[in-house]
Amino acid sequence: MDASYPELMRRLAELAAALQNRRDEAQQWYAQRCDGAQTAVAEVEADLAELHQLHDQASRELADVDRAAADIWTEVGHRFGPVAGRLGGLPPPLPTPPGTAVDDDPEHWLAAARALVERSNDVGPLPRSAYPVLAVFGAAGAAAAFGLSTAARWAGQRYGGDLAVGMPVIALVVTLVGPLLGLGPAKALADRRHAVLDLRTVSIVLVAGLAATAALLTGLG
């Protein structure tokens, strides 16, 4: 026999209540998952923003270190001149050997580099063993200038005219400048030995050049 109408209505009400409970559970589960997803997204966005800040800070610090290193390298070029110029531009950082503990504070290394450059400024003159070489430079410069002046005088006599008037003057100027020509190779020698030309070493070059010029002029006369 079929169920009575009240019984059917009771069962229908129970099914409707059960369905509503399931619907409420589903909506609650969905809301929880949405909240969890939003929380995760917010955490990721916060981490990403922090990473951007760290990246920007690291980029600024890297730029500051690069500028400081470039300034130190420029100072090296000013102090050592052509010797530093042959080294090229600022060298790249050396790779760290695996398993080696490294001080990652750039200021420590920059300070050490500055101190090294400052100590390099404490250079002395060339040793006494280089004095004969300096004298040879002075004499060679004077001899080269004397040869040029002789050639200028010969050209004036050979071709005559205005050259006969101008060439002797040029020859005299070249002869007078001759003792100074030895300072160029003397400076190169000092740079190569990380030394400086002081009054004594310059005097050796000039005196040798003047002596050679006087000897050549006397011999010619």
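The values are calculated or read from the model by the stated rules, or taken from the named source; none is laboratory data. Just so it is clear, the structure is predicted and the values come from calculations on it, not from any experiment. Every residue, glycine among them, receives a Cβ derived from its backbone with ideal geometry; neighbour counts consider all protein chains shown. The accessibility values were calculated without ligands, DNA or RNA, using every heavy atom of the protein model including side chains. Shrake-Rupley method; radii C 1.70, N 1.55, O 1.52, S 1.80 Å.
A crude spin-label estimate for the pair Asp191 and Ala112, with each label 7 Å from Cα along the Cβ direction, gives 2.9 nm. Model label sites at Asp24 and Glu50, defined 7 Å from Cα along the beta-carbon direction, differ in position by 4.0 nm. Each Lys or Arg adds one and each Asp or Glu subtracts one; over the other residues with Cβ under 12 Å from the Cβ of Ala31, this totals -2. Accessible surface computed residue by residue for segment 178-221, with neighbouring protein chains in place and a 1.4 Å probe, gives 56 Å² per residue.
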